[in-house]
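Trainee: Quick one: the structure is below, and I'll ask about it shortly.
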Amino acid sequence: MYSDALMGRFLEPSHAGDIEAPDGASEAGNVTCGDVVHLAIRVEEGIVRDARFRAQGCATAIASADAICELVIGKSVTEAQMVDSAGLTYTLGGIPDDRMGCATIVLDALRACLERARSRPQPSSAA
Ligand code: FES
């Protein structure tokens, strides 16, 4: 049912955790099951330097959150906004059709997170 890549990320996620004073943070949930994913990013000079998640969810939600963090780190905010379900599915080696909603909440959290980072006032370059 689940790919090795998805199960590996579920059992040993690399990006679980928090970011202190993140530039963008958001939470998205699955109304069907009540699961929740919290995503946070740190952005410097328009580049996503770190991304972390906390999730109370199923294997697909946790693996998707871990993969999303990996997919956006090192990308510009604009590039990160282009990460979609196809890229996520590829990274996870497939997502069962009946679990796509679990991955979608992570993409929803990413979109909100990036929007908050984008709309956040940038620090002044003046000394
Ligand atoms: Fe709740 Fe997957 S079953 S997020």
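The values are calculated or read from the model by the stated rules, or taken from the named source; none is laboratory data. Just so we're clear, the structure is a prediction, and the values are computed from it rather than from any experiment. Positions of Cβ are generated from backbone atoms using ideal geometry, with glycine treated the same way; all protein chains shown enter the neighbour counts.
Trainee: So, in the range 31-54, how many residues would count as being surrounded by fewer than 19 Cβ atoms within 10 Å (Cβ to Cβ), of a type in the set (A, V, I, L, M) and closer than 20 Å to residue 81 by Cα?
Mentor: Going through the range 31-54 one residue at a time, the tally reaches 1.
Trainee: Report every pair of residues separated by at least 6 positions or lying on different chains whose Cβ atoms are under 6 Å apart, first residue within the range 22-51 and closer than 19 Å to residue 79 by Cβ and more than 13 Å from the ligand (Cβ to nearest atom), second modelled with pLDDT under 95 and assigned to a loop (DSSP other than H, G, I, E, B).
Mentor: The qualifying pairs are 23/120.
Trainee: Let me ask something additional. With within 19 Å of residue 32 (Cβ to Cβ), without any contact (Cβ under 8 Å) to a residue 40 or more places away in the chain and not polar (S, T, N, Q) as the only criterion, which of 84, 98 stands out?
Mentor: Answer to the selection: 98.
Trainee: Separate question: When you go through 14, 64 one by one, which is the residue that is polar (S, T, N, Q) and either on the phi > 0 side of the Ramachandran plot or surrounded by fewer than 15 Cβ atoms within 10 Å (Cβ to Cβ) (or both)?
Mentor: 14
Trainee: Restricting to the range 82-122, give me the number of residues that are hydrophobic (A, V, I, L, M, F, W, C), away from the ligand (no atom under 16 Å from the Cβ) and surrounded by fewer than 17 Cβ atoms within 10 Å (Cβ to Cβ).
Mentor: Selection size over the range 82-122: 3.
Trainee: Just a yes or no: is a residue in the range 11-19 in a strand (DSSP E or B), more than 16 Å from the ligand (Cβ to nearest atom), over 10 Å from the mean Cα position of the chain (by Cα) and more than 13 Å from residue 109 (Cα to Cα)?
Mentor: no
Trainee: Moving on to the next point. Residue 74 is checked against (1) surrounded by fewer than 15 Cβ atoms within 10 Å (Cβ to Cβ); (2) free of Cβ contacts under 8 Å to residues at least 24 places away in the same chain; (3) within 20 Å of residue 13 (Cα to Cα) and fails just one. What number does that condition carry?
Mentor: Here residue 74 clears every test but (2).
Trainee: Can you tell me which residue among 82, 1 is part of a loop (DSSP other than H, G, I, E, B) and over 26 Å from residue 121 (Cα atoms)?
Mentor: 1
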